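J.: Have a look at this one before I ask anything.
The values are calculated or read from the model by the stated rules, or taken from the named source; none is laboratory data. Every value quoted in this text rests on a predicted model; they were computed, and no experiment measured them. Neighbour counts run over all protein chains shown; Cβ positions are idealised from the backbone, glycine included.
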Amino acid sequence: MHFRNKSKNLPIPEVNLIPLMDVMMSVLTFFIITSMSYTGQRLGDINLPGLPGTGTTNPETNTQNTLVIGLNRQGKILLKNQVMTPNQVSEKIQSYLDQNQNATVVLKADRELPYEDVQNLLKEMTEIGGDRVSLAIERR
């Protein structure tokens, strides 16, 4: 009795990874967009610089452990919609970060300001808070 190798006639099974990758990218995109919707706080009349793309549509969402500093188009520094001097803001940032170990500080600067003004304030803020300080932008 002669046995034939029956597997020679069967096609080799293929695994198509493209649909799996599409599903994983969709899930990742969903979580990124969802997490971005929890980072917005509106401060005064500041129009943030933006990038084209999808993003949050609800800027009123409050976040915990985030101190938001604003810089309006007149160059005035705002904290909780009150005008502050640079020294006052430095003290507020220092005390806020000392009291809250996991806190962050976000600078929201108006898009019409010269970048040097934004850069100078951001530099002062990072000298106090280090990597716990960031600059906010808006998705359009």
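J.: Going by the conditions given, is ASN62 under 24 Å from VAL133 (Cβ atoms) and either modelled with pLDDT under 85 or not in a strand (DSSP E or B) (or both)? Please lay out each step first, then the result.
T.: Details: under 24 Å from VAL133 (Cβ atoms): yes; either modelled with pLDDT under 85 or not in a strand (DSSP E or B) (or both): yes.
Here the answer is yes, as ASN62 does meet what is asked.
J.: Report, by residue number, each residue of region 88-140 that is outside any helix (DSSP H, G or I), among the basic types (Lys, Arg) and within 17 Å of LEU78 (Cα to Cα). Give the derivation first.
T.: Of region 88-140, the ones outside any helix (DSSP H, G or I) are 100-114, 133-140.
From the residues that got through so far, the ones that are among the basic types (Lys, Arg) too are 108, 111, 139-140.
Scanning region 88-140 gives LYS108, ARG111.
J.: Out of region 98-114, which residues are free of Cβ contacts under 8 Å to residues at least 40 places away in the same chain and within 19 Å of the chain's Cα centre (by Cα)?
T.: Taking region 98-114 as the starting set, the residues that turn out to be free of Cβ contacts under 8 Å to residues at least 40 places away in the same chain are 98-105, 107, 114.
Of everything in region 98-114, those that are free of Cβ contacts under 8 Å to residues at least 40 places away in the same chain and within 19 Å of the chain's Cα centre (by Cα) turn out to be ASN102, ALA103, THR104, VAL105, LEU107.
J.: Can GLN74 be described as outside any helix (DSSP H, G or I) and modelled with pLDDT of 85 or more?
T.: On the way: outside any helix (DSSP H, G or I): yes; modelled with pLDDT of 85 or more: yes.
Judged against the criteria, GLN74 is a match.
J.: If you go through region 84-98 one residue at a time, do you hit one that is more than 30 Å from THR34 (Cβ to Cβ) and of a type in the set (Phe, Trp, Tyr)?
T.: We begin by selecting, within region 84-98, every residue more than 30 Å from THR34 (Cβ to Cβ); these are 84-92, 94-95, 98.
Then drop every residue that is not of a type in the set (Phe, Trp, Tyr), which leaves none.
Within region 84-98, not a single residue is more than 30 Å from THR34 (Cβ to Cβ) and of a type in the set (Phe, Trp, Tyr).
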